[in-house]
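Here's the structure we're looking at; comments come further down.
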Amino acid sequence: MPVAQRDLHDLPSAFKGQECNWEKWAREGSCRSTKGPGGMGSMESLGTLVGQYPGLTRFLFLQRWFWLVRVLLSLFIGAEIVAVCFSTEWSVGRVSTNTSYKAFSAARVRAHVGLQVGLAGVNVTLTGNPVQQLNETIDYNEQFIWRIGENYAGAYTEALQKGLPDPVLYLAEKFTPSSPCGVYRQYRLAGHYASATLWVAFCFWLLSNVLLSMPAPHYGGLALLITGAFVLFSVFAFASISSVSLCQLRLGSSELTTHYGAAFWITLATGILCLLLGVAVLSLHYARTSALRTFLDGSVKGLESQAKGSSSLILNNPLHKQFWGSDLTISTNL
């Protein structure tokens, strides 16, 4: 198929009288006009360039969307990894029941009782239905920590001394080291290893951002794969508690059962997302190296190699020599 070529020697006239160059136009999308003799305003020159080089404008549009998606995905992954480390929504349970309220009292209250198990401990909530009962405001949210350096048994003893309601003490007692349930050690170890692997994943997430910004897509993709692997390791570490049978939790006439919470499923989805992104980056690295580097680099410098590999548009800008020292030509398949 014949190819018609023409040199764009008249391109400097589009920028005459303006403080502009290719790099500034690609970054800002316009130039500041000085309106010198024979010069052209910024809107006029931008319209000229858009009309003459649709391939360039399409490339810049895709590049900016790629950058936006990349930043949003990266922020989501990093924020999620940090957030779930402090979340108590890994294993949750909730029940509405009519239960005793205080020790050595026959008074009963209607309340919602919640149990949230996290990586660092247990959170127990008790909310009256209605909140005002027995001339008291029944609204408790108590946390018992088993993180390394914390004394879970001591926190439970303090709760006894404070005289917290029976449902709170009952659920907290099930996770004490001396409880007949025997789940303290398993839950504590599962939370400890899950938290450790999540922080390792966070470090590799930071490393992947640095490598992809250099850009070094091969090693950045590998760092993303390792990030996803460690995130999934944390999920598997916490899921190991499923082999431990939790004691029956009866509150009044109702039974409280637990299941995996939002933090568990979001972490699982994030691990899979990191693996998919890592595979995508590595695949593009081996299949379309120049295109991937051009998008990651965030400049128009790599457009020549991109155009040669996938487009019939090749730009030749005489002003381009001033900035990158390479000539570009435009060819159109007729």
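Taken together, the values in this text are just the output of simple stated rules run on the coordinates, not laboratory data. If you're wondering where the values come from, they're calculated on a predicted model, not measured in any experiment. When we count neighbours, we look across all protein chains shown, and the Cβ atoms used for this are built from the backbone with ideal geometry, even at glycine.
When each of the peptides 248-255, 156-163 is scored by how many other beta carbons lie within 10 Å of its residues on average, the order from highest to lowest is 248-255, 156-163.
With neighbour counts taken as other beta-carbon atoms within 10 Å, the residues Asp139, Asp166 rank, fewest first, as Asp139, Asp166. Close amide H pairs (under 5 Å, H built 1.01 Å from N) link Glu89 with Ala263, residues at least 5 positions away or on another chain. Residues Glu136, Glu89, arranged from fewest to most other Cβ atoms within 10 angstrom of their Cβ, appear as Glu136, Glu89. Each residue of segment 253-265 was assigned a 3J(HN,Hα) from its phi angle through the Karplus expression (A = 6.51, B = -1.76, C = 1.60, θ = phi - 60°), giving 9, 10, 10, 9, 10, 10, 8, 5, x, 5, 4, 4, 6 Hz with x at Gly and Pro.
Between Phe66 and Phe86, the FRET efficiency from the beta-carbon distance, with R0 = 30 Å, is close to 0.40.
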